[in-house]
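First comes the structure, then the notes that go with it.
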Number of protein chains: 2
Amino acid sequence: MSIMRYISYSILICFVCTQLHAQKMDWQEVEPGIWKATVGKPEQYNLLTASGVSPYHNGLMKLEQSKFPLLKSEITAKIIDGKTYLKFPLDKTEQLFGFGLNFKSVNQRGKILELHVDHYNGTDNGRTHAPTPFYVSSKGYGIFINSARYLKVYAGASVQRDSKNPPEVQDRNTDPNWNPHPYSDGVEILVPAEGVEIYVIGGPTPMNAVQRFNLFNGGGCLPPRWGLGFTQRMERLTNAAEVFKEAADFEQRGYPLDFIGLEPGWQSKSYPNTFEWDKKRFPEPAKMVADLLKKNIRINLWINPYVSPDAPFYKKLLPYTASHTVWAGVVPDINTDSGKNILFTALNKNKVDIGISGYKIDEVDGGDGYLWPDLATFPSQTSAEQMRQTYGVLMQRYTTELYQQKNLRTYGLVRGSNAGGVSFPYVIYNDYYNHQDFITALINSGFAGVLWTPEVRASNSPEEWVRRFQSNVFSPMAMINAWASGTKPWTFPEVAPIIKEFALLRMQMMPYWYSEFAKYHFEGIPPFRAMNLENGFQNITPIQEKKNDNLEENPYAKAMVKEIKDQYMAGENLLVAPMFTGQKSRTVILPKGKWFDFYTGKYVGDGEVITTNPGLDKIPVYVKDGGIIPMMKPLLHAPKPDEKVDIEFRYYGSKPATYQYYDDDGETYNYEKGDFSIRTVKISKVKGKCVGSITNAEKGKPNTTKKITYKMMTL
Amino acid sequence: MSIMRYISYSILICFVCTQLHAQKMDWQEVEPGIWKATVGKPEQYNLLTASGVSPYHNGLMKLEQSKFPLLKSEITAKIIDGKTYLKFPLDKTEQLFGFGLNFKSVNQRGKILELHVDHYNGTDNGRTHAPTPFYVSSKGYGIFINSARYLKVYAGASVQRDSKNPPEVQDRNTDPNWNPHPYSDGVEILVPAEGVEIYVIGGPTPMNAVQRFNLFNGGGCLPPRWGLGFTQRMERLTNAAEVFKEAADFEQRGYPLDFIGLEPGWQSKSYPNTFEWDKKRFPEPAKMVADLLKKNIRINLWINPYVSPDAPFYKKLLPYTASHTVWAGVVPDINTDSGKNILFTALNKNKVDIGISGYKIDEVDGGDGYLWPDLATFPSQTSAEQMRQTYGVLMQRYTTELYQQKNLRTYGLVRGSNAGGVSFPYVIYNDYYNHQDFITALINSGFAGVLWTPEVRASNSPEEWVRRFQSNVFSPMAMINAWASGTKPWTFPEVAPIIKEFALLRMQMMPYWYSEFAKYHFEGIPPFRAMNLENGFQNITPIQEKKNDNLEENPYAKAMVKEIKDQYMAGENLLVAPMFTGQKSRTVILPKGKWFDFYTGKYVGDGEVITTNPGLDKIPVYVKDGGIIPMMKPLLHAPKPDEKVDIEFRYYGSKPATYQYYDDDGETYNYEKGDFSIRTVKISKVKGKCVGSITNAEKGKPNTTKKITYKMMTL
């Protein structure tokens, strides 16, 4: 056989091999603009079955139509040795966002990640609290891999030899522009299972793809109104008397307070946990909770899922626990009916049923050393890996169910989540505590289908305390979690007035936050999200194409040079640009369109980079032209369901403006049955004066507004 | 059914499930003191088949006998869903060493690791250049998992619920000694394959277990004599004229030089590579190599395995390459006969066959972005994962074969290795460059079956240059790899005399290093290794038991408090305690027995912590009582095979001393056929005078010694 024939023959063999492994993909439009393909034999247990949620079909129906956004032939799947190999196409200029709650980067193109529920440890490598296997392309589509396995992702970081679009071959010896990361024409994903469900999610915009993803996962959560107020966590061994004193201190000093968090010491033992009130520290929990509720203050309880031999239900639970313990506590298998019932009965009894408002679910993420090992086994046959990828979701699901049964909303904290958890009313937190990276996480939360709080803990200086507090106020949960140091809002007297001003601002803005969360629920729009999802900020040509441009003329080129990970959108109308300790000034990139100062209403710029030096008493916040912000007076607690409040609609800029104002009872799930109102606010400037109107709530639908006023902020 | 019956029934089901998965293990003694068990269906391709080596049976026969070191019933294996779950027992006081080339820690107990060939990235998490799946217990046995997969290891970091030795249940609320890492009674290892070969390796000492592991892998490598001299790497775009000038500069200034390394620019193109000499920079490579060899100077060539389309063999190789490229170069599948032959023919032609002494094999380790992805496929059907775990071993194996065919030894550099690579004459290096951690890696290399060089690159100060150089001299390869900065030994004139003194000391000690490497080969004793393998340093009770002890009376308690990772044994008789930049003094922990200063012969201590402040011109080195160090005069190049040298045996302390002095031709593999001599040196102090003797070499066996003298160092 000649060499040439031999080569041809070998290539043929390779080709045949590849063809043998190749999987045919049949794309079905399962919801408007969402296509599903099933490769091989997907596992029964996945992110969607773990969450148990259904798509919010009505929301999906309202979105603009979308065509299948990719060339079907360019999506390929193979199964080799029990693993599924996926490839999705990638243009030279495309940017990728998502792949979970990253803390250091927004654009994920070029990354190699192992999506793995874990404590975030300082590197965007896929190990994080919510490693959601979903990404969004700047071209306006999304991809979701519905697998509860550790997925290995090459996000434009692998190059196939036989690619039709190969990278240039360079010579490092002599080429000064030699590129260590040659162009890759695909996102490749390795699924360690013999099949998987894949979803392609249409746009046409990246925001539309995010919306579809969130709505497909049931729509974003709608917290109770009080959840959007202010919360303080107490020292771990505190007692009932100190809790009452804390509530009284807040009241007396004029700081808002909606719920108080109790740390491990509410239990008789912790790490592992008894899930029983400590009788000395909390002799009458039901009475304490009831007395506090009368003051409109709620209690949130810390837990982790590891059960002490001293828990009253330990023996009953034992057969439904994992093969391995954590801190010598057993791990409930909540994928068994019995395990689930035993644990959640305990979480209900003397807790939810006496009025506890929610949980802080700790230690369901990792580090590896604080969780069951990958070779643990569970009675339900769920593998340790699948359990790790979903335990946080399961805990959210079943605690939420306790509240659904009472027709009362909860709003809690959790350290681990994933796709499927979008609709659960939980906010992620961790111990990483880098302020800048906390803001980047807030940005990425909007791609990951989760909420994130840049909580405030101990601070080294009054400045740090203020800077952290200010951004915390523009986040899903305004929380001081300084229980270890015992820091209170007023601990730094020199800045206490600033802290109070922002704590009260949080309360004033409650109508805005509530309407924006309604958009998360009904439309899938993340309340906190990247600039990249904002009109006028998109269609940015990537850095390679721009590096010779004049940066002063084209801020977007600079925006690409330095990834924009320190400013974000908060609701429909606000751009927030936090200040960090040590900064006297900062630059802010304003998308195209006019922007106005949130506090003064003054014009600040249009599609440009501005520099601001706001002083310690302000966090830079900007409102888009025609932006409306509904506000109320600075109450110390969220209004009760039957409490009507005055609403002031603040109007910025000069464009005729429209706003959808959401209202309901603020506490129950009745909105799911249609018990809500969405009222259209219109404001325009007529002869230099502000003219506003609001539609009436439909008859019989909730209306908690009293007096309505309109305020022209831009004079 | 009553609850109790239900529980019993469920427990029974769990028990049955566990039993169903449990694998029977049949332990066979395959070599003296080495037992093998086969679990499930092990994969055909593993670390031993990749290396192709056979145990060095004669060496194993000479070791003290060992019983099976563990209770067989305490070693368990299960196979669940295509993965193998292993557990080995662990006592409360046991310490664990090994699990590959770690850089920050010596004692691995408590670690969770994924053994994964990779560039070391600053964390001891299993991702390293040689993630050898072998560990040694302080109790005197070893465990080796013969798998080329990514193994997940819980080294005493996982707790089984039904353990017979459960950890104490504590209450974090009130117990100030609450332990975040409760006692684990086992090492658990997850093998992602439906079976595996396991080896239990007997002692009775930890050193014996290490020796058995090395001998089982063919015995340690024996470098050519010149490999233990001095090497300098040149600027990447250097040319033949500059190479000659470098050689002349070293000669003229009186610095030793045995081989010169050429970086990527020796090739016409690199990254990807042509494997062809650049005709402008190196017009006559064969003549250059021959001319240098006449001066007793050799050439080493940098390569990585990624092949440029401009390589002359590219088209022929193409069918035998991976599905993915690296830097747009194809990846040879050297597990196909054709791929292997094409690549290694190219590495022979005009390189090995013209006298090139060896290779520096780069980029066979990772980071993930500089290697094929985990979803690459190879024509040989070797998975990307298995290929990654073994590519460095395969490259070592087949380059070594080129030299074996010429009956000439090589000594090169490689960035990736694994178990199976023990016998290959390669030294690992990387870009991490933390001096302290480089020393810890040197210590751990002795547990991992590899050699490691703490090479010298650019330094920020004369002090750093000296401190790095001094420890480099007491390592497997004394190398300056400062090609990017072009630093020469004499670049810092103020310390050049110190550098020269230590470069020459390296040459003087060549007889010692050579005899010590012979022990690596014939007896499996690592030439560079942890204090923990030294008699008088073992049997240290762990920290938990010691924390109330008086540290001044018991240095080992302190030794445990601060892990000993900055001093090491070099050969049979030397303890090296490097100084790091900024240090004026340091403490050294001396094992039990008298110790003496290497330079002066003076007594320094016995089983105690000493403090030394040696000044910049010395690295602290100590010799044990009765230690003999064979030295020669400071030649500028290793002696040629036919060159006889005077040997001075330096004798330290007062104990009657014995030393096994090894000799052979220094260049060929004839020693494998018995062409070597081991001569017994005896020295004792008689009436204050040094009395020495040496046995003759057997008739017809190599003897390269001329005059022999004995020098009493301790007066």
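Numbers for the structure displayed
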| item | result |
| --- | --- |
| Residues whose placed amide H lies under 5 Å from that of A:Tyr710, excluding near-sequence neighbours | A:Phe649 |
| Only Lys, Arg (+1) and Asp, Glu (-1) charged, at Cβ; the protein assembly as shown dipole about Cα centre in debye | 680 debye |
| Heavy-atom accessible area, 1.4 Å probe, ligands and nucleic acids excluded: residues of segment B:345-391 down by at least 30 Å² from chain alone | B:Asp368, B:Gly369, B:Tyr370, B:Pro373, B:Asp374, B:Leu375, B:Thr377, B:Gln381 |
| Average other protein chain Cβ within 10 Å of Cβ, residues B:428-434 | 0 |
| Charge dipole (the protein assembly as shown, unit charges on Cβ, about Cα centre) - positive-most of A:Gly219, B:Gly195, A:Ile525 | A:Ile525 |
| Theoretical ellipticity at 222 nm over chain B - DSSP helices of four or more residues, -39500 (n - 2.57) apiece, nearest 500 | -7000 deg cm²/dmol |
| Accessible carbon and sulfur surface of the protein assembly as shown relative to its total accessible area, %, 1.4 Å | 50 percent |
| Residue mean of other protein chain beta carbons inside 10 Å, B:259-270 | 2 |
| Other copies of B:Lys287: label-to-label distances in nm, shortest first, labels 7 Å along the beta-carbon direction | 10.4 |
| Average partner coverage of B:78-85, which counts Cβ from other chains inside 10 Å | 4 |
| Scaled radius of gyration (Cα, divided by 2.2 N^0.38 Å) that chain A gives | 0.97 |
| Shape category assigned to segment B:51-169 from the gyration tensor of Cα positions, a/c cut at 1.5 | rounded |
| Per-residue SASA entry for B:His181, accessible area with 1.4 Å probe, Å² rounded to 10 | 100 Å² |
| More than 16 Å apart - percent of Cα-Cα pairs taken over segment B:308-371 | 51 percent |
| Cα coordinate range in segment B:628-712, projected on the principal axes (Å, largest first) | 42, 29, 16 |
| Residue-wise HN-Hα coupling along segment A:281-286, computed from phi with Karplus coefficients 6.51, -1.76, 1.60 (Hz; x: Gly, Pro) | 6, 9, x, 10, x, 4 |
| Lysines whose Cα lies under 20 Å from that of B:Lys584, excluding same-chain neighbours fewer than 8 positions away | B:Lys562, B:Lys565, B:Lys618 |
| Scattering profile of the protein assembly as shown at q = 0.06, 0.07, 0.09 Å⁻¹ [log10 I(q)/I(0), Debye over alpha-carbon scatterers] | -0.63, -0.84, -1.28 |
| Peptides A:103-116, A:245-258 ordered by average Cβ neighbours within 10 Å, highest first | A:103-116, A:245-258 |
| Whole-Å semi-axes of the ellipsoid equivalent to segment B:196-280 (Cα gyration tensor, √5λ, descending) | 41, 21, 8 |
| For B:Lys633, label point 7 Å along C-beta direction: distances to other copies, nm | 10.3 |
| Karplus 3J(HN,Hα) series, Hz, for segment B:137-149 with 6.51 cos²θ - 1.76 cosθ + 1.60 (x for Gly, Pro) | 9, 4, 7, x, 8, x, 10, 10, 9, 8, 9, 9, 9 |
| Where rotation carries B onto A, the chain B residue whose Cβ is nearest that axis, in whole Å | B:Gly82, 3 |
| Proportion of all alpha-carbon pairs of segment A:413-478 beyond 21 Å (%) | 21 percent |
| Inverse of mean 1/r across different Cα pairs in segment B:256-379, Kirkwood, Å | 15.1 Å |
| ³J(HN,Hα), Karplus 6.51/-1.76/1.60, whole Hz, each residue of segment A:432-442, x for Gly, Pro | 6, 6, 8, 4, 4, 5, 4, 6, 4, 5, 4 |
| Relative contact order (percent, whole number), chain A, Cα cutoff 8 Å, 6+ residue spacing | 13 percent |
| Packing-based order for B:161-172, A:184-195, using average beta carbon neighbours within 10 Å, highest first | A:184-195, B:161-172 |
| Amide H within-cut-off set for A:Val364, under 5 Å, with H built and near neighbours excluded | A:Arg415, A:Gly416 |
| Long-range amide H partners of A:Asp333 with built H, under 5 Å | A:Thr321, A:Ala322 |
| Loss of accessible area when A meets B, both sides summed, Å² nearest 100, probe 1.4 Å | 5600 Å² |
| Nearby aspartates and glutamates by direct alpha-carbon distance to B:Lys592 (threshold 17 angstrom, same-chain neighbours under 8 apart not counted) | B:Glu534, B:Glu552, B:Glu553, B:Glu572, B:Asp606, B:Glu608, B:Asp625 |
| Distances in nm from A:Gly254 to the matching label points in the other copies, shortest first (labels 7 Å along Cα to Cβ) | 8.5 |
| Whole-angstrom gap from segment A:357-383 to segment B:270-304, using each part's C-alpha centre | 56 Å |
| Reach of A:Lys315 by Cα under 23 Å, taken over lysines that are not fewer than 8 positions away in the same chain | A:Lys269, A:Lys279, A:Lys340, A:Lys349, A:Lys351, B:Lys164 |
| Over segment A:366-511, equivalent-ellipsoid semi-axes from the Cα gyration tensor in Å | 32, 19, 13 |
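The values are calculated or read from the model by the stated rules, or taken from the named source; none is laboratory data. Predicted model only: the values in this text are computed from it and were never measured. Glycine gets a Cβ as well: all are built from the backbone with ideal geometry, and neighbour counts include every protein chain shown. Keep in mind that these areas ignore ligands, DNA and RNA; they rest on the heavy atoms of the full protein, side chains included. Shrake-Rupley method; radii C 1.70, N 1.55, O 1.52, S 1.80 Å.
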